[in-house]
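These notes are about the structure you will find just below.
The values are calculated or read from the model by the stated rules, or taken from the named source; none is laboratory data. Computed from a predicted model, the values in this text were never measured in an experiment. Glycine gets a Cβ as well: all are built from the backbone with ideal geometry, and neighbour counts include every protein chain shown. Side chains included, ligands, DNA and RNA excluded: accessible areas come from the protein's heavy atoms. Shrake-Rupley method; radii C 1.70, N 1.55, O 1.52, S 1.80 Å.
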Amino acid sequence: MKKMRVGIIGTGFGAKVHAPVMQSHPGFEVVSIASVSRGRLDEIKEETSIEKVYGNWEEMLETEELDLVSVASAPLLHHDMVVKAFASGKHVLCEKPMAFDSMEAEKMIQARDAAGKLSWINFEYRFLPARQKVKEIISSGKIGKVLHVNFSLNIAGYERYATSKRGWLSQKDQAGGMLGAVGSHLIDSLMWWIDGKVESVSGQLTTHVPEFVDENGEKEIRTADDAFQAMGTFVGGGTFNIGSNIAVRHAEGWELEVYGTEGTIKMLQDNKVLVGIGNGPLEEVDIEVALSIPEGMNPVAAGYYNAFYRSLDEVYKALTGDGGNPHLPVLEDGYGVQVVMDAIRRSDEEGRTVKVEY
């Protein structure tokens, strides 16, 4: 199996998740990783077992002979890193959300085309067996025309959010907030499932925990949303509600309801799918079994493994010319999500329903 040489930018999620999952795939060789803040270099080397740890990501791009660059930094930095990775002749896997806004996302697509390279957005949840099953059922026409979709992720994170710093994730001007962190996944799956676009949205962004004061009296003022809700319409008909709240004490995780003219789909916790056709009862359907997590993998990476490994396998096939899975999210998918998120933010700011303009 031909090895694809990978360089990772980002020693947070990149070191915790991208590195170990890529290292577990026989087709990838993670040869280098770069810190954005230039800190913890020795610790990162020990944690990841990656020999070449850079304190400057641009130096890594200039120095290393890489087949793929995995950009796992804060979203505010994605545009510059992706564009420079293309300019240095590398293919790119970029974390979501794709960019700060749709204008940056569009420039990233232009840079890819100019460089003639391949690139993907890491909407890895598309490859979870439960979500693949939802896609299969909707595409088959079994539930008829989709009338309405409810989709949400709520996380019991109030304690953690109220008692610790959140950094860039809590700052609006740094592309923080749950709309980007969670909403990007919700919107991507939504449009992928229905194979369509969003026509209009009405959104609300909320900051339930607006500040945190540490033991030294240092205050962190939160400007980004820790909860959001949006309702909207699809091009061609049908409506949806999406939302996320991470500042609650109790939560049920991922929940999905798809209502069609001929039936209904429910998905719970991304691992259980129920279908009802006509006036029949909702009944659980079989989905592909979860992958076995490699021994010794850290708990954070283990939580993403079932989706991310499957996604990486399709990236590998695309890189080696051995396939082009239509479910693999490319930059155009990231751009589409970015446009919808921009419209939701505008709706919240202006207090009105906004037409989505692609």
| query | Using a Gaussian network model of the chain with C-alpha springs under 10 Å, which one of ALA19, ALA72, ALA156 is most mobile by mean-square fluctuation? | reply | ALA156
| note | The alpha-carbon center of region 132-199 and that of region 201-241 are separated, in whole Å, by 13 Å
| query | Which GluC sites (Glu not before Pro) does region 134-225 hold that lie in a coil by DSSP with at most 13 other beta carbons within 10 Å? | reply | GLU215, GLU218
| What Kirkwood hydrodynamic radius, in Å, does region 112-234 give when the mean of 1/r is taken over all pairs of distinct Cα atoms and then inverted? | 17.1 Å
| Degrees between helix 184-194 axis and first principal axis of the chain (Cα, 0 to 90, nearest 10) | 50 degrees
| query | Counting only protein heavy atoms and using a 1.4 Å probe, what share of the accessible area of the chain belongs to carbon plus sulfur, as a whole percent? | reply | 48 percent
| message | Can you compute the equivalent ellipsoid semi-axes for region 217-358, i.e. the square root of 5 times each eigenvalue of the Cα gyration tensor, sorted largest first and rounded to whole Å? | response | 28, 25, 21
| message | What number results when the radius of gyration of region 316-358, computed over Cα atoms, is divided by 2.2 N^0.38 Å? | response | 1.72
| task | Among ALA224, ALA72, LEU256, flag the residue with its Cα farthest along the positive direction of the charge dipole of the chain, charges on Cβ as +1 for Lys/Arg and -1 for Asp/Glu. | result | LEU256
| task | Round to the nearest 10 and give me the degree value, 0 to 90, for the angle of helix 299-319's Cα axis relative to the longest principal axis of the chain. | result | 80 degrees
| In terms of Cα to Cα distance under 20 Å, which aspartates and glutamates are near enough to LYS219, apart from those fewer than 8 places away along the same chain? | GLU159, ASP173, GLU211
| said: Please enumerate, by chain and number, the aspartates and glutamates with C-alpha under 20 Å from the C-alpha of LYS3, excluding those fewer than 8 residues away in the same chain. | reply: GLU29, GLU51, GLU64, GLU65, ASP67, ASP313, GLU314, ASP322
| field | Unsatisfied cross-links (Cα-Cα over 18 Å) in the set LYS135/LYS272; LYS145/LYS197; LYS107/LYS317 | value | LYS107/LYS317
| message | Mean-square fluctuation check for the chain, GNM, Cα pairs under 10 Å: which of SER24, SER102, SER140 is largest? | response | SER140
| said: I need the Debye-formula profile for region 275-334: one equal scatterer per C-alpha, no solvent, reported as log10 I(q)/I(0) at q = 0.15, 0.23, 0.24 1/Å, two decimals. | reply: -0.71, -0.97, -0.99
| query | How big is the shadow of the Cα convex hull of region 239-315, averaged over all directions, in nm²? | reply | 8.0 nm²
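Would you mind counting up the charge near GLU284? Only other residues with Cβ under 13 Å from its Cβ, with Lys and Arg at +1 and Asp and Glu at -1.
After counting each charged neighbour, the total is +1.
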| field | Pair-distance profile P(r), taking every C-alpha pair of region 36-127, with 10 angstrom steps and integer % | value | 16, 46, 31, 6
| By how many degrees, 0 to 90 and rounded to 10, does the Cα axis of helix 331-350 deviate from the longest principal axis of the chain? | 70 degrees
| query | Taking the chain as a Gaussian network, where each spring joins two C-alpha atoms under 10 Å apart, which residue of GLY39, GLY280, GLY336 fluctuates the most? | reply | GLY280
